[in-house]
């Protein structure tokens, strides 16, 4: 037992994962309370409207920063001296692109049902596309210098601030309107962004600007943005389409079930965040074969976790209406249909990061775009015919297709690359 504990203490990825698990574990508890409060304080139709608005913002969100969050981790992994200018350039790009993304989203109000006001879209998009993205970027900045404790705390702060804001709102107004909730959402996110920027400026090397390097990196960063946006499309576009092609109560039912799936994946995201620098180092040293070896060391335990999550979701699904309210009784069936997603998402997330670490972000992006288009096309047919059940089926089909395509890409690229001697023992330690 003692040798195992010594290896655990000496392992960088284990320490980083524990930091992220600790912070995200608290975040999970906070998000659960936050989710229950909002679901119980809003009727399914109002919650469905909120979910639809968040989904639109989420699709555009990856273009804020144009991949600078991923690039700062890659840049510092390759050359620690690049930290200051990556930090400064990233702040500037995040600000400019956030404002542009907000304007773009406001022009998409026609995608929402007529009874959802544009002010709700403005408030939620302002929170997620501007202030929320500053918090996210600061988290990546801390991660790039292996300060995962700070990243974990930032991830927790943004959920905690929203929980406190919503709790205060519910204490003042028993059944707050969606407009009141959206305003609270914006104010809480703004407060977190100010705190995150202040902390980063106080604790880290001061950011500098090197304008000449922004454009060359943006051309590469756009692949990260497009890939993340495509990922968001096949994860979230079904909620907006369900609101438009189906009805808001069905969107609320489905959105509540999908939110539970998202919460269950918090530990997986912790591991992926901690492993991200290692994927880049592996790819830099040994290409796709080395990132595949690195992935193989981490994947078995995470698959085991996702299987346990699936079993737990199937068994505990009937508890949902007792927690969220009787209006969400149909979420039991939705959650059972979606219970396979943690397994599929665990596997294809590692496959995708293995490609990115080896320098195949463009290929990863093309695969994600193909799956996003597949998801949109199948939703156009299946949602009008089967409502939220059709949305669940299209989600399962899309995640399964992504897993297969990424797996085929890794196998094909590995066969083309010459065999190399394993050189990444130190990266996983």
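Structure notes:
- The alpha-carbon positions of the stretch 235-340 define a convex hull whose volume is 113 Å³ per residue.
- Using alpha carbons only: equivalent-ellipsoid semi-axes of the stretch 69-200, gyration tensor based, whole Å: 31, 19, 9
- Exposure proxy ranking, count of Cβ atoms within 10 Å, fewest first, for 293, 74, 133: 293, 133, 74
- Relative contact order of the stretch 12-416, defined on C-alpha pairs under 8 angstrom at six or more residues apart (%): 24 percent
- Calculated on alpha-carbon atoms, Rg and Dmax of the chain in Å: 21.0, 65
- Normalised by residue number, the volume inside the convex hull of the Cα atoms of the stretch 281-414 is 106 Å³ per residue.
- Rounded to 10°, Cα long-axis angle of helix 132-144 versus longest principal axis of the chain: 20 degrees
- Folded to 0 to 90 degrees: helix 68-78 orientation relative to the chain principal axis, Cα: 20 degrees
- Residues 181, 393, sorted so that the one with the fewest Cβ neighbours within 10 Å comes first: 393, 181
- The stretch 34-142: mean projected area of Cα convex hull, nm²: 7.4 nm²
- Mean-square fluctuations from a GNM of the chain, with a 10 angstrom spring cutoff on Cα atoms, peak among 102, 406, 169 at 169.
- Ranked 236, 262, criterion: other C-beta atoms within 10 Å, fewest first: 262, 236
- Taking the C-alpha atoms only, the angle from helix 148-172 to the longest principal axis of the chain is near 10 degrees.
A short reminder: the numbers here are calculations on the coordinates, not readings from a lab. Here the structure is a predicted model, which is why all the values come from computation and not from measurement. Positions of Cβ are backbone-derived with ideal geometry, glycine not excepted, and every protein chain shown enters the neighbour counts.
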